[in-house]
Amino acid sequence: MNFRQIPYKHGRANPAISYFTDFQLLKKAAVYDVEKMRTIKPMPAAFNMNNKRTGRKVMKLAEKINLLPDDQAGSRKGHRSNLTALNKVLTNDLIRARRLPSIIIFNDVRS
């Protein structure tokens, strides 16, 4: 059995890959104020590979049961991000041309 398969077989992760250390990175050179630094948590490769596998399975299942909206184009077969961008531009053009009230929300879930 592969070390990576232990969480899937036994339902819990190995404690060796369950704890992470925070590292502070400077956003700007020579600015050491903690509030102005970025915190990262480097993870073991096996943990990252399992996250990738789980993410793919979840996306596949969500597509299978039609849980994802059509405008979600990232990492989906048959969807292209450039078409999503084009649709956004064309929608904004129509809103401007017809002088319709609207709201644009930029949502960066990763951050």
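The values are calculated or read from the model by the stated rules, or taken from the named source; none is laboratory data. What you see is a predicted model; the values in this text were computed from it and never measured. A quick note on method: Cβ atoms are made from the backbone with ideal geometry, for glycine too, and the neighbour counts reach across all protein chains shown.
Kindly indicate which of Asp33, Asp70, Asp22, Asp93 is touching a strand residue (DSSP E or B) at 6+ places or on another chain (Cβ under 7 Å) and of a type in the set (D, E, K, R).
Of the residues listed, the single one that is touching a strand residue (DSSP E or B) at 6+ places or on another chain (Cβ under 7 Å) and of a type in the set (D, E, K, R) is Asp22.
Checking the structure you have, find out if any residue of the range 79-96 is without any contact (Cβ under 8 Å) to a residue 12 or more places away in the chain, small (Gly, Ala, Ser) and exposed (fewer than 11 other Cβ atoms within 10 Å of the Cβ).
At the first step, the residues of the range 79-96 found to be without any contact (Cβ under 8 Å) to a residue 12 or more places away in the chain are 79-83, 85-86, 88-91, 93-96.
Narrowing the set further to residues that are small (Gly, Ala, Ser) leaves 81, 85.
Right, trim to exposed (fewer than 11 other Cβ atoms within 10 Å of the Cβ) and you get none.
There is no residue in the range 79-96 that is without any contact (Cβ under 8 Å) to a residue 12 or more places away in the chain, small (Gly, Ala, Ser) and exposed (fewer than 11 other Cβ atoms within 10 Å of the Cβ).
Residues that are more than 30 Å from Tyr8 (Cβ to Cβ), modelled with pLDDT of 85 or more and not small (Gly, Ala, Ser): does the range 103-111 have at least one?
yes
When the range 26-68 is examined, which residues are found to be hydrophobic (A, V, I, L, M, F, W, C), under 30 Å from Pro15 (Cβ atoms) and surrounded by 11 or more Cβ atoms within 10 Å (Cβ to Cβ)? Steps first, please.
Restricting attention to the range 26-68, the residues satisfying the condition of being hydrophobic (A, V, I, L, M, F, W, C) are 26, 29-31, 34, 37, 40, 43, 45-47, 49, 58-59, 61-62, 65, 67-68.
Going one step further and asking which of them are under 30 Å from Pro15 (Cβ atoms), we end up with 34, 37, 40, 43, 45-47, 49, 58-59, 61.
Scanning the range 26-68 gives Met37, Ile40, Met43, Ala46, Phe47, Met49, Val58, Met59.
Hey, can you tell me all the residues within the range 63-100 that are of a type in the set (D, E, K, R), modelled with pLDDT of 85 or more, under 23 Å from the mean Cα position of the chain (by Cα) and farther than 21 Å from Lys52 by Cβ?
Residue satisfying the conditions is Lys88 alone.
Looking only at the range 11-25, filter to residues that are of a type outside the set (A, V, I, L, M) and surrounded by 10 or more Cβ atoms within 10 Å (Cβ to Cβ); which one of those is farthest from the chain's Cα centre (by Cα)?
Among those residues, the one meeting the criterion is Asn14.
Pairs, please: C-beta under 7 Å, at least 6 apart or cross-chain, first residue without any contact (Cβ under 8 Å) to a residue 40 or more places away in the chain and in the range 21-34, second surrounded by 10 or more Cβ atoms within 10 Å (Cβ to Cβ) and assigned to a helix (DSSP H, G or I)?
Every condition considered, the pairs that remain are Lys27/Lys36; Lys28/Lys36.
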